[in-house]
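Below is one structure, written out as structure tokens; comments come after it.
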Amino acid sequence: MGSISTADTKRLYGLAFGLAVFTILYNIVEGLISTYLGFEDESLALFGFGTDSFIEVISGLGIAHMVVRIRKNPNSSRDPFERTALRITGVAFYLLVTGLVITSVYNIWTGHKPINTFWGVVISLISILVMWILVAWKRKVGNRLDSAPILADANCTMVCIYMSVILLISSGIYELFEIGYIDSIGTLGLAYFAFKEGRECFEKARSDFHCGCD
């Protein structure tokens, strides 16, 4: 940690924990709003995005626990609580992928169209802004503490930005051109990133690997 004082170290770990808690609370709110509006507007992409947010809450609990662990012992290994949270998160992601792919294919086959995707545009823009701020803060804290786990978490938060961009593009195209299948195509894009996240969760659960989420 170089020349960082004990007081600064304590403050930075406190900030890291606060960011983890904020991420959890934000995802709960985002999940509730997105799934409700996605269901009401029959937008599978928005509904899937909201469901992913709920899964991120489970992941966030593991991250918050991790911050507490490394604050006590920066060189400690991933403990059973974190590994269990990772496995549960991985299973949830795989279940989400299965549901999204099946429903997307069905919607394309039947020609289903969402009522509108306006809220998908709004929510994705808010999410991109919030997640960018979180990434910047997490990277700043991780660099100050020279903490690979915190920096890895910051990189993993980038995946949320990628998924928000997919939601923005698919929702925006539908709002402009009303191309019916674009909502389902966007959903398949979300499923791709959810699959990658699920696979990485199981990889981390089996080792002390810190994700880069590239």
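What is the number of the single condition among (1) surrounded by fewer than 18 Cβ atoms within 10 Å (Cβ to Cβ); (2) over 13 Å from the mean Cα position of the chain (by Cα); (3) more than 18 Å from residue 103 (Cα to Cα) that residue 179 does not meet?
The one condition residue 179 does not meet is (3).
In the range 115-159, which residue that is within 12 Å of the chain's Cα centre (by Cα) and at pLDDT below 95 is farthest from residue 16 (Cα to Cα)?
In this case the residue turns out to be 159.
For the list (1) surrounded by fewer than 19 Cβ atoms within 10 Å (Cβ to Cβ); (2) under 20 Å from residue 196 (Cβ atoms), I need the number of the one condition that residue 86 fails.
Checking residue 86 against (1) surrounded by fewer than 19 Cβ atoms within 10 Å (Cβ to Cβ); (2) under 20 Å from residue 196 (Cβ atoms), the one that fails is (1).
Counting just the residues of the range 164-176 that are open to solvent by less than 60 Å² (accessible area, probe 1.4 Å) and not hydrophobic (A, V, I, L, M, F, W, C), which one comes out nearest to residue 153 (Cα to Cα)? Give the steps one after another, and end with the answer.
If we filter the range 164-176 for residues that are open to solvent by less than 60 Å² (accessible area, probe 1.4 Å), which is where we start, we get 164-168, 170-174.
Next cut, not hydrophobic (A, V, I, L, M, F, W, C) only: 164, 170-172, 174.
Numbers: 164: 17, 170: 27, 171: 28, 172: 29, 174: 33 Å.
For the range 164-176, the residue satisfying everything is 164.
With respect to residue 211, is the statement that it is in a loop (DSSP other than H, G, I, E, B) and modelled with pLDDT under 90 true?
On the way: in a loop (DSSP other than H, G, I, E, B): yes; modelled with pLDDT under 90: yes.
So residue 211 fits the description; yes.
Out of everything in the range 23-40 that is in contact with a Ser or Thr (Cβ under 7 Å, 6 or more places away or on another chain) and of a type in the set (S, T, N, Q), what residue ends up being surrounded by the fewest Cβ atoms within 10 Å (Cβ to Cβ)?
Let us first name the residues in the range 23-40 that are in contact with a Ser or Thr (Cβ under 7 Å, 6 or more places away or on another chain), namely 27, 30-31, 34-35.
Pick out the ones that are also of a type in the set (S, T, N, Q) and you get 27, 34-35.
Working: 27: 23, 34: 28, 35: 19.
In this case the residue turns out to be 35.
Which of the residues spanning the range 93-111 are buried (at least 16 other Cβ atoms within 10 Å of the Cβ), of a type in the set (A, V, I, L, M) and over 18 Å from the mean Cα position of the chain (by Cα)?
101, 108
Out of all the residues in the range 51-100, which are outside any helix (DSSP H, G or I) and small (Gly, Ala, Ser)? Break it down stepwise before answering.
Kept after step one, since they are outside any helix (DSSP H, G or I), are these residues of the range 51-100: 73-79.
The answer is 76, 77.
Quick check on the range 185-204. Is at least one of its residues more than 29 Å from residue 37 (Cα to Cα) and open to solvent by 60 Å² or more (accessible area, probe 1.4 Å)?
If we filter the range 185-204 for residues that are more than 29 Å from residue 37 (Cα to Cα), which is where we start, we get 200, 202-204.
Pick out the ones that are also open to solvent by 60 Å² or more (accessible area, probe 1.4 Å) and you get 203.
Yes; the residues of the range 185-204 include at least one that is more than 29 Å from residue 37 (Cα to Cα) and open to solvent by 60 Å² or more (accessible area, probe 1.4 Å).
In the range 112-150, what residues are farther than 30 Å from residue 7 by Cα and open to solvent by less than 50 Å² (accessible area, probe 1.4 Å)?
Kept after step one, since they are farther than 30 Å from residue 7 by Cα, are these residues of the range 112-150: 112-129.
Across the range 112-150, the qualifying residues are 114, 116, 117, 120, 121, 122, 123, 124, 127, 128.
The values are calculated or read from the model by the stated rules, or taken from the named source; none is laboratory data. Remember, predicted model here, so these are calculated numbers, not experimental data. So basically every Cβ, Gly included, is an ideal-geometry build from the backbone, and we count neighbours across all protein chains shown. What goes into the accessible areas is simple: the full protein's heavy atoms, side chains included, and nothing from ligands, DNA or RNA. Shrake-Rupley method; radii C 1.70, N 1.55, O 1.52, S 1.80 Å.
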